Every structure is written in C-alpha cells, then in structure tokens.
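A.B. asks: Quick one: the structure is below, and I'll ask about it shortly.
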Amino acid sequence: MSGIKSETKKREDEAYKKGKERREHLEKGDDPKTPKDDDYGDMTPGEKEAYKKGYRGD
C-alpha cells in the first residue's frame with residue numbers, strides 16, 4: 001500500500017512543480033503555454049489540486 005501512496009505523492013509533487021513553473025513563466029511573460037499543455041485534463045483529482053496550488057503559489 002505504501003508503494004502506491006508514495007507513487008501518488010510523487011505524481012502530485014510533479015504536478016505541483018509543473019503548476020509552479022507555468023506560473024513563473026507567465027509572470028516573466030516568456031511562455032504562452034496553458035495548463036492544457038501540461039496535460040492538466042489527464043491528471044487525477046489529487047494531481048489537479050497540487051497543480052493548482054503550484055500555479056497559485058500556495
């Protein structure tokens with residue numbers, strides 16, 4: 001069970017990083033990509049929450 005949990009946590013951490021990077025690029029104005037380009041639609045609900053936290057800077 002812990003293997004699944006750690007894999008889920010790993011994927012959520014990656015989603016957070018993607019969201020954070022997207023926000024940083026937006027602030028700099030150097031990247032016209034959107035969350036869709038990060039495969040946001042294919043993320044699990046937990047990954048989406050982590051992505052949003054990174055994107056908002058939480």
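What follows is calculated from the coordinates using simple rules that are stated; it is not laboratory data. Source: prediction; values computed, not measured.
A.B. asks: Suppose only helical runs count, i.e. DSSP H with n ≥ 4. What mean residue ellipticity at 222 nm does that imply for the chain under -39500 (n - 2.57) per run, divided by all residues and rounded to the nearest 500 deg cm²/dmol?
C.D. replies: Helix-only estimate at 222 nm: -23000 deg cm²/dmol.
A.B. asks: Only Cα pairs within less than 10 Å get springs; with that Gaussian network setup on the chain, which residue of K33, K17, K48 has the largest fluctuation?
C.D. replies: Evaluated over the chain, the most mobile residue of the options is K33.
A.B. asks: If I fit a long axis through the Cα atoms of helix 2-28 and take the longest principal axis of the Cα atoms of the chain, what angle between them do I get, 0 to 90°, rounded to 10?
C.D. replies: 10
A.B. asks: Continuing with this model, one more query. What's the angle, to the nearest 10 degrees (0 to 90), between helix 45-56's Cα axis and the longest principal axis of the chain?
C.D. replies: So the inclination is approximately 30 degrees.
A.B. asks: Also, I was wondering about something else. Answer with a single label: of (i) -0.46, -0.67, -1.13; (ii) -0.59, -0.78, -1.17; (iii) -0.56, -0.72, -1.06, which was calculated as log10 I(q)/I(0) by the Debye sum over Cα atoms at q = 0.16, 0.20, 0.29 Å⁻¹ from the structure in view?
C.D. replies: (i)
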